[in-house]
1. Could you go through region A:103-118 and let me know if any residue there is among the charged types (D, E, K, R), part of a helix (DSSP H, G or I) and modelled with pLDDT under 85.
2. Restrict the check to region B:29-49 and report whether at least one residue is more than 17 Å from the chain's Cα centre (by Cα), part of a helix (DSSP H, G or I) and either at pLDDT below 90 or among the aliphatic types (A, V, I, L, M) (or both).
3. So in region A:29-43, with the set limited to residues that are closer than 23 Å to B:Ala176 by Cα and exposed (fewer than 13 other Cβ atoms within 10 Å of the Cβ), which one is nearest to the other protein chains (Cβ to nearest Cβ)?
4. Only one of these conditions is not met by A:Ile92: (1) surrounded by fewer than 13 Cβ atoms within 10 Å (Cβ to Cβ); (2) within 12 Å of chain B (Cβ to nearest Cβ); (3) closer than 30 Å to B:Asp51 by Cα. Which number is it?
5. How many residues are surrounded by fewer than 22 Cβ atoms within 10 Å (Cβ to Cβ) and free of Cβ contacts under 8 Å to residues at least 40 places away in the same chain when one looks only at region B:30-49?
6. Here's a check for you: in region A:5-60, which residue that is part of a helix (DSSP H, G or I) and among the acidic types (Asp, Glu) is nearest to B:Leu153 (Cα to Cα)?
7. If only one of B:Ile107, B:Ile158 is in contact with a Leu (Cβ under 9 Å, 6 or more places away or on another chain), at pLDDT below 70 and either within 11 Å of chain A (Cβ to nearest Cβ) or surrounded by 21 or more Cβ atoms within 10 Å (Cβ to Cβ) (or both), which one is it?
8. B:Glu143: facing chain A (nearest Cβ under 9 Å), surrounded by 22 or more Cβ atoms within 10 Å (Cβ to Cβ) and out of contact with any Cys (no Cβ under 6 Å at 6 or more places or on another chain), yes or no?
Amino acid sequence: MTDHNSTSNKERSYQLLMGAVDQELTSSELKEFNHLIKTDPGFRKEWEQYKKLKEVTQAMKFKSPPKEVWDNYWMNTYNKIERGIAWIIFSIGAIILITYGLFKAVEAIIADPQLEGIIKIGIIAVLLGLVILLVSVAREKLFVRKSDPYKEIQR
Amino acid sequence: MTKEDEIDERSIILLCQRGDKQSYGRLVEKYMKRAYFIALGLVGVHEGALDLSQDAFVRAYRSINKLEADRKFFTWYYQILRNLCFNYLRDAARHAHPFSKIGENQINNIIDSSQDSSLQVEQKELKEAVWKAMDELKPHEREIIILKDFQELSYKEIAESMDCPIGTVMSRLFTARQALKNKLESYFND
């Protein structure tokens, strides 16, 4: 129980430390923080170190890309949206046509008296597998996956 | 964000949900820089950051109807972006550029102009050390420092973006800053 209290006190002091460094403490938290600062020299030292660290990280900036990147940003995004829609329509059309073509091919194979039964079964299995693969790949590539395995990553 | 901004954003989102792409363009232009720089901080490559931030906008557009009325666009969009960035990072070979290459060394602005040259050299060393240390942090530690210190988001905004309580944000920030401070031991533990 004492260990638990000590851990939660530490956790609380870390949170207060961060809130103070980022100036996001409420008035009651600020009172708690001021009390710790006055009574705990180690806490005060840590606070000074984190304040210094914050000054440094806050002053850091990423290199900005050329202006054209921002000028073309929306247009490129728009093109990606449009192309995505075009690919979906194209793929649906292609799947329909390919499936129809394969269906007709299967019909012709079945109707061919010259081909042996086992060959017919083999060809039909290959074509059927191809259709399933096509539909599966198109579905995976073109539609946003609803079950992204990394959706819950490090919440 | 002010109350007016929020109302304005809500009306833009409603237009987007009716399929108005130009309104979506306004949202994209409002948040593109923030999105790009966060992605850059996470993946460390300009081209990757540009692609990922745009791809996240494309995915957000396709799912815009799922955005609830009480949710802010960016915090919702950010969840798509971070998933894309972390998936990208899984392929370690792509993360070949050191973080220090994307940083602009602007720590000078916290240096007092009256400082002597030896102190300035020390500050130059410090900024190089900080970029290197940032590069060595775990992606999730780097993420929270980028959101708070580089992008200056509030705890509330970070909590909404990361879908966690504010207390968790504070604890994660502490862990990340502690890791950063430990890597810069000689500068901060004097």
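1. No, region A:103-118 contains no residue that is among the charged types (D, E, K, R), part of a helix (DSSP H, G or I) and modelled with pLDDT under 85.
2. no
3. A:Gly42
4. (2)
5. 4
6. A:Glu55
7. The conditions single out B:Ile107.
8. Taking the combined requirement at face value, the residue satisfies it.
The values are calculated or read from the model by the stated rules, or taken from the named source; none is laboratory data. Keep in mind that this is a model prediction, so the values were computed, not measured. Backbone-built Cβ (ideal geometry, glycine too); neighbour counts: all protein chains shown.
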